[in-house]
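Chemist: First the structure, then my questions, so here it is.
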Amino acid sequence: MQIILKQDIPNLGFANDIIDVKPGYARNYLIPQVKAILATDSALKNRDEVIRQKSFKEEKLKKEAAALAEALENITVKIGAKAAATGKIFGSVNNMQIADAIKEQFNFEVDRKKIHVDGDSIKEVGSYTAKIFLHKEVIVDIAFEVFAE
């Protein structure tokens with residue numbers, strides 16, 4: 001079943017993308033949650049018009065995202081956490097703490113929802129990388145280090 005996404009959905013697509021999904025997934029989840037609509041002729045024409053109008057704004061956002069990606073490319077974020085002697089963290093480090101650390105240390109505003117860490121959270125002291133999806137065409141890997149306080 002072809003649908004048009006109304007918003008960005010991780011591992012599925014970006015807003016205004018036309019994708020094929022199983023009919024049950026579309027009917028029972030995506031359409032009732034207003035995350036997608038059916039790809040009818042009128043919806044496709046409406047999508048084309050929306051894309052045409054957004055193209056200028058999109059180019060500006062892409063340039064801003066590329067500039068931010070260039071600034072974030074070679075930084076290492078340091079995050080302190082309480083940890084046991086074995087290196088296990090009490091709790092975990094997640095994307096919200098990474099976003100806060102980037103804001104504090106480098107004064108860059110990054111949406112926490114656009115930061116993706118493998119395994120969703122970090123539970124041990126060490127060095128890791130996270131992907132930041134600044135734009136659908138601009139993705140930057142950022143290094144961060146979790147140390148014991």
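We did not get these values from a lab; they are worked out from the coordinates using the rules stated. Owing to the predicted nature of the structure, the values given are computational and were not obtained by experimental measurement. Neighbour counts are summed over all protein chains in view; Cβ atoms, including those assigned to glycine, are modelled from backbone coordinates with ideal geometry.
Chemist: Give the angle, between 0 and 90 degrees and rounded to the nearest 10, that separates the Cα long axis of helix 95-106 from the longest principal axis of the Cα atoms of the chain.
Modeler: Relative to the chain, helix 95-106 is tipped by roughly 70 degrees.
Chemist: Let me ask something additional. What's the magnitude of the charge dipole for the chain around its Cα centre, counting Lys and Arg as +1 and Asp and Glu as -1 at the beta-carbon? Answer in Debye, nearest 20.
Modeler: Details: 22 positive and 22 negative charges, 102 e Å.
The dipole magnitude comes to about 480 debye.
Chemist: A follow-up question, please. Once you sort the root eigenvalues of the Cα gyration tensor of the stretch 52-116 as a ≥ b ≥ c, which label holds: rounded (a/c under 1.5), prolate (a/b larger than b/c) or oblate (the other case)? Mind showing how you got there, number by number?
Modeler: Values: a/c = 3.93, a/b = 2.59, b/c = 1.52.
Note, shape of the stretch 52-116 comes out prolate.
Chemist: How far is helix 41-72 tilted, in degrees, relative to the longest principal axis of the Cα atoms in the chain, given as a value from 0 to 90 rounded to the nearest 10?
Modeler: So the inclination is approximately 20 degrees.
Chemist: With the contact rule set at Cα under 8 Å and sequence spacing of 6 or more, what percent relative contact order holds for the stretch 1-53?
Modeler: 36 percent.
Chemist: Here are a few candidate values for mean projected area of the Cα convex hull in nm²: (1) 10.6; (2) 8.0; (3) 12.1. Which one was actually calculated from the structure I just gave you?
Modeler: Here mean projected area of the Cα convex hull in nm² agrees with entry (1).
Chemist: Next up: Quote the relative contact order of the chain in percent (integer), defining contacts as alpha-carbon pairs under 8 Å separated by 6+ residues.
Modeler: The value is 20 percent.
Chemist: Which loop chymotrypsin sites (Phe, Trp or Tyr not before Pro) in the stretch 73-149, with loop taken from DSSP, have no more than 16 other Cβ atoms within 10 angstrom of their Cβ?
Modeler: The qualifying sites are 108.
Chemist: Using the count of nearby Cβ atoms within 10 Å as a rough guide to exposure, how do 34, 93 rank from fewest to most?
Modeler: Ranked by crowding around the Cβ, least crowded first: 34, 93.
Chemist: By what distance, in whole Å, do the Cα atoms of the stretch 69-148 stretch along each of the three principal axes, largest value first?
Modeler: Between the extreme Cα coordinates on each principal axis of the stretch 69-148 lie 41, 23, 17 Å.
Chemist: Report the one residue of 91, 125, 18 whose Cα lies farthest in the direction of the positive end of the charge dipole of the chain (charges on C-beta: Lys and Arg +1, Asp and Glu -1; origin at the Cα centre).
Modeler: The one lying farthest along the dipole's positive direction is 18.
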